[in-house]
Amino acid sequence: MDFQAFNHYEEQQRQKRLAEKQQAEEQQRIADEVRNKVLSQIARSLHAANEQTREAQRKASLKRQEQAPIKEKGSPIENTFYVAWCAAYPLIEIKRQYPIGKYRVDFAHLETKTAIELDGHSFHSHKQDRNRDYARQHDIESQGWYILRFTGSQVWSDVESCIDLADSRIMARHGR
């Protein structure tokens, strides 16, 4: 092999190695792009799954707060009334400890603006307590609410009559 042919052969080999190296680099670049796209899609999917999990946990927490801790949310008389209400009228939602202006009522039916107050003996037995309750009631009524009151004795002795009366007043205000 002469010198010129040898140089030509070496140049072809160098060009071939360079082309193979460039091809390998291009394949690596493409593989890196594909890997990065796949990782990006996985990251987006994980993020979406985490968001869905957090939302499901938030909803479950709200549901637990609404259902499970019935006994923790109010007085025994409120719990008795609420349990009886939910059993008798599960499709008519009443909110517990609902804020109206600067006050909070025991129960509220929002659609008809009907508030239900339960007056237990320990917090409503003195004249000044009753005077405060009446002033509070007038203020809430001036905001368009109808207030229905039951004494603790009424709830303890016949909770079904109390919830039936509350339902009939709600339905009357609803126009049914």
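The values are calculated or read from the model by the stated rules, or taken from the named source; none is laboratory data. Everything numeric in this text was worked out from a predicted model, so none of it was measured. Cβ coordinates were reconstructed from backbone atoms using ideal geometry, including for glycine residues, and neighbour counts include every protein chain displayed.
Descriptive notes on the structure:
- Residues satisfying the stated conditions in region 83-123, i.e. of a type in the set (Ser, Thr, Tyr) and either buried (at least 21 other Cβ atoms within 10 Å of the Cβ) or outside the structural domain of Ile163 (by TED's automatic domain parsing) (or both): Thr114
- Applying the condition of being touching a Leu at 6+ places or on another chain (Cβ under 8 Å) and touching a residue at least 40 places away in the same chain (Cβ under 8 Å) to region 71-101 and asking which residue is farthest from Ser157 (Cα to Cα) yields Ser75.
- Complete set of residues in region 112-128 that are in a loop (DSSP other than H, G, I, E, B) and either at pLDDT 95 or above or of a type in the set (Ser, Thr, Tyr) (or both): Thr112, Lys113, Ser125
- Residues that are crowded, with 16+ Cβ neighbours inside 10 Å and not in a loop (DSSP other than H, G, I, E, B), drawn from region 136-150: Arg136, Gln137, Ile140, Tyr146, Ile147, Leu148, Phe150
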